[in-house]
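Take a look at the structure below.
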Amino acid sequence: DQQVKQNSPSLSVQEGRISILNCDYTNSMFDYFLWYKKYPAEGPTFLISISSIKDKNEDGRFTVFLNKSAKHLSLHIVPSQPGDSAVYFCAASASTGGFKTIFGAGTRLFVKA
Amino acid sequence: EPEVTQTPSHQVTQMGQEVILRCVPISNHLYFYWYRQILGQKVEFLVSFYNNEISEKSEIFDDQFSVERPDGSNFTLKIRSTKLEDSAMYFCASSGRDTAKNIQYFGAGTRLSVL
């Protein structure tokens, strides 16, 4: 099931710089997109989301961009901090279903001090 | 801050045994979910539950699996006869009403080890 793809398994960024995590999806029925952050031995933690009627949503250092025509979304973290080091999952759901959320494989972000 | 609580944190069982994984969702949430993550793989949807019935389930959620909300607070996942390949982290999640229903909040997970 490759409906949500995160093609970069890892990303390394210097503290203070921008981190850009990318995600592609294939299912046109998806109308809500989320980013979760996960630390080892913990469950995914909700970070930020975006509805398909928007193309940008911002929350502090985190901004999610959605390009529906390209079926692509990205998460920008500015400035990156060492505490941001974690696995980031892109996820998508369709309101017509039972809110089943499909996750990407995750991108491990390393922020170097 | 309200959170989803899962017990136990680690469950070891013999192949063929029944296990029940327990979850206490956030108290005013209406939608409940189970996901699993096999080591090194994706987080996979198993089942969603709303209004005391399953609203959607994946191909993974076969007849060996069942869910129940036995009272007003607990949400359980039962695996009737465990197999080696059921070894995974199992995450419970819940979400609220209206516009918040898309945002699922996850518990810390139960690691199931089938020997």
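What follows draws every value from the coordinates through simple rules; no lab data is involved. Since the structure is predicted, the reported quantities are computational estimates derived from the model, not experimental observations. Note: ideal-geometry Cβ built from the backbone for every residue, glycine included; neighbour counts use all protein chains shown.
Things to note:
- Wholly within the range A:1-100, strands (runs of 3 or more DSSP E) carrying at least 1 residues that are without any contact (Cβ under 8 Å) to a residue 60 or more places away in the chain and either within 26 Å of residue B:107 (Cβ to Cβ) or of a type outside the set (Asp, Glu) (or both): A:19-25, A:32-38, A:45-51, A:56-59, A:62-67, A:72-77, A:86-93
- Looking at the range B:48-115, the strands (runs of 3 or more DSSP E) lying wholly inside it that each contain 2 or more residues that are touching a strand residue (DSSP E or B) at 6+ places or on another chain (Cβ under 7 Å), within 10 Å of chain A (Cβ to nearest Cβ) and surrounded by 21 or more Cβ atoms within 10 Å (Cβ to Cβ) sit at B:88-95.
- Filtered by the rule that a residue be in contact with a helix residue (DSSP H, G or I) (Cβ under 9 Å, 6 or more places away or on another chain) and away from every other protein chain (no Cβ under 14 Å), the range A:64-98 gives a lone residue, A:77.
- Tally, over the range B:18-34, of residues that are more than 8 Å from chain A (Cβ to nearest Cβ) and not in a loop (DSSP other than H, G, I, E, B): 8
- Test: residue in the range B:4-17 that is under 20 Å from residue A:95 (Cα atoms), facing chain A (nearest Cβ under 9 Å), crowded, with 18+ Cβ neighbours inside 10 Å and in contact with a Gly (Cβ under 8 Å, 6 or more places away or on another chain): no
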